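Reviewing the structure listed below.
The values are calculated or read from the model by the stated rules, or taken from the named source; none is laboratory data. From a predicted model like this one, the values you see are computed outputs, not experimental measurements. No Cβ is skipped: glycine too gets one built from the backbone with ideal geometry, and neighbour counts run over all protein chains shown.
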There are 2 protein chains.
Amino acid sequence: MTELEKKCVDAGLKMTDQRRAILRVLEDSDDHPTVETVYNRAGAIDSSVSIATVYRTLGLLDELGLVLKHDFGNSSSARFEVHLDDDHHHHHHLVDTESGDVLEFESEELEALVHKICDEMGYELVDHVFEIYGHKKKIKKSA
Amino acid sequence: MTELEKKCVDAGLKMTDQRRAILRVLEDSDDHPTVETVYNRAGAIDSSVSIATVYRTLGLLDELGLVLKHDFGNSSSARFEVHLDDDHHHHHHLVDTESGDVLEFESEELEALVHKICDEMGYELVDHVFEIYGHKKKIKKSA
DNA sequence: GTATGTGCAAAGACTTTGCTTTGGA
DNA sequence: TCCAAAGCAAAGTCTTTGCACATAC
C-alpha cells in the first residue's frame with residue numbers, strides 16, 4: 001500500500017479500484033495534471049473510472065490536504081499535485097509560457113519575505129501563492 | 001474625458017454609453033470588483049448595460065492592458081482593477097480570508113527576488129503572481 | 001453610410017450533484 | 001449487512017458567442 005493510499009485509509013476512506021487507480025496516477029505524475037488528464041490516465045488503468053469520481057476523489061484529497069490544487073493563469077481548469085509532507089508545501093511554480101511545463105522551486109528568502117510582509121501589514125499568514133511565468137532564455141548570437 | 005476613456009478611444013474603441021458607464025465604475029472602484037459587481041454598479045448608471053457587454057468590455061480592456069484580471073483563490077469568478085501606469089503593475093495582493101477584502105502592497109525586495117529566481121532557473125521573466133492570504137492579527141490578552 | 005457595439009438567449013467549458021446501483025469492510 | 005462510493009446524466013456556475021438591431025464616427 002502506497003503512502004497516499006495509507007493516508008486515505010487512515011482518514012476513513014474506502015479503498016475502491018477506482019480510487020486506487022486515481023491515487024496511482026497522482027503518485028506517478030510529476031506534471032501537475034488536470035482533472036481531464038488524471039481521468040484519462042486512470043482510465044488506462046481501470047476503464048470503469050468516471051470523470052465524476054475523479055472530481056469527487058480529488059475534492060476529497062484536497063479537503064484532506066493530500067493534494068494541492070492550482071489554478072495557473074491561461075488555463076481554465078485546475079491542476080493537481082500530491083502533497084504528502086508539509087515540508088513540501090513551501091515550493092512554488094514557474095510556468096513555461098511557451099511549453100506549458102510547470103517547474104517547481106523553493107526559496108527560503110521568499111518564505112522569509114512573505115512572513116515579513118504579512119507581519120508588517122498586521123496580518124497572520126494563512127497561505128500564499130507565488131507563480132512565475134516565463135520562457136527559456138534564448139542564446140544570443142554575439143554581434 | 002477620463003484617462004481610461006481616452007486610452008480606449010486612442011485604441012480605436014467607440015465610446016458608447018454602456019462603455020462609459022463601465023469605465024466609470026472601474027475608475028471609481030478600488031475593491032477589485034467581479035464582473036457581476038461591475039455589472040450591478042454600471043446598471044445603476046445606465047440600466048441598458050447587459051452582462052454580455054460587461055464581459056466583452058472587460059475582455060477588451062484586458063487585451064489592451066488597461067485592466068488587470070485576477071483569480072483569487074476561493075472565488076470562482078475573476079476580479080478586475082484598472083491598470084493605467086506600468087509603475088502600478090508591480091503591486092500584489094493580500095486577501096483577508098475573513099472579510100474577503102483585498103489589500104495591495106509593493107515590495108522592491110520581492111521584485112528583485114523574482115528576477116533573481118527566474119534568472120537562476122535560466123528563464124526570462126514574463127509575469128508573476130504573488131498573493132498572500134491571511135487574517136488580521138488578534139490582540140492577545142497577557143497571561 | 002458602415003463597421004462596430006449591444007442585448008438577448010443559446011451554447012460552451014468546467015464542475016457539482018441527485019439518484020440508483022455497486023461493492024468494501 | 002450497511003453505509004460509503006460509483007456511474008450516469010442532469011443541473012449549476014461562470015463565460016463566450018451568434019444573430020438581429022442599434023449607434024458612434
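So here's what we get for this one:
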read-out	value
Number of the exception - residue A:32 against (1) within 21 Å of residue A:90 (Cα to Cα); (2) within 9 Å of DNA strand D (Cβ to nearest atom)	(2)
Number of the condition not met by residue B:58 [criteria: (1) within 15 Å of DNA strand C (Cβ to nearest atom); (2) in contact with a Ser or Thr (Cβ under 7 Å, 6 or more places away or on another chain)]	(2)
Residue selected from segment B:59-71 under the condition outside any loop (DSSP other than H, G, I, E, B) and away from DNA strand D (no atom under 11 Å from the Cβ), by the criterion surrounded by the most Cβ atoms within 10 Å (Cβ to Cβ)	B:61
Filter result (under 23 Å from residue A:121 (Cβ atoms), within 14 Å of chain A (Cβ to nearest Cβ) and either surrounded by 15 or more Cβ atoms within 10 Å (Cβ to Cβ) or within 14 Å of DNA strand D (Cβ to nearest atom) (or both)) within segment B:74-90	B:74, B:75, B:79
Flag for residue A:96 being more than 11 Å from DNA strand D (Cβ to nearest atom) and either surrounded by 19 or more Cβ atoms within 10 Å (Cβ to Cβ) or within 14 Å of another protein chain (Cβ to nearest Cβ) (or both)	yes
Residue within segment B:46-58 that is surrounded by 15 or more Cβ atoms within 10 Å (Cβ to Cβ), away from chain A (no Cβ under 14 Å), in a helix (DSSP H, G or I) and away from DNA strand D (no atom under 13 Å from the Cβ) present	no
Test for residue A:125: is it facing another protein chain (nearest Cβ under 7 Å), assigned to a strand (DSSP E or B) and either in contact (Cβ under 8 Å) with a residue 40 or more places away in the chain or not charged (D, E, K, R) (or both)	yes
Flag if residue B:132 is closer than 23 Å to residue A:96 by Cα and modelled with pLDDT of 95 or more	yes
Residues that are touching a residue at least 60 places away in the same chain (Cβ under 8 Å) and either within 12 Å of DNA strand C (Cβ to nearest atom) or surrounded by 14 or more Cβ atoms within 10 Å (Cβ to Cβ) (or both), drawn from segment A:1-45	A:4, A:7, A:32
Residue among A:12, A:43 that alone is within 12 Å of DNA strand D (Cβ to nearest atom) and in a helix (DSSP H, G or I)	A:43
Count - residues of segment A:72-122 that are under 30 Å from residue A:10 (Cα atoms) and assigned to a loop (DSSP other than H, G, I, E, B)	8
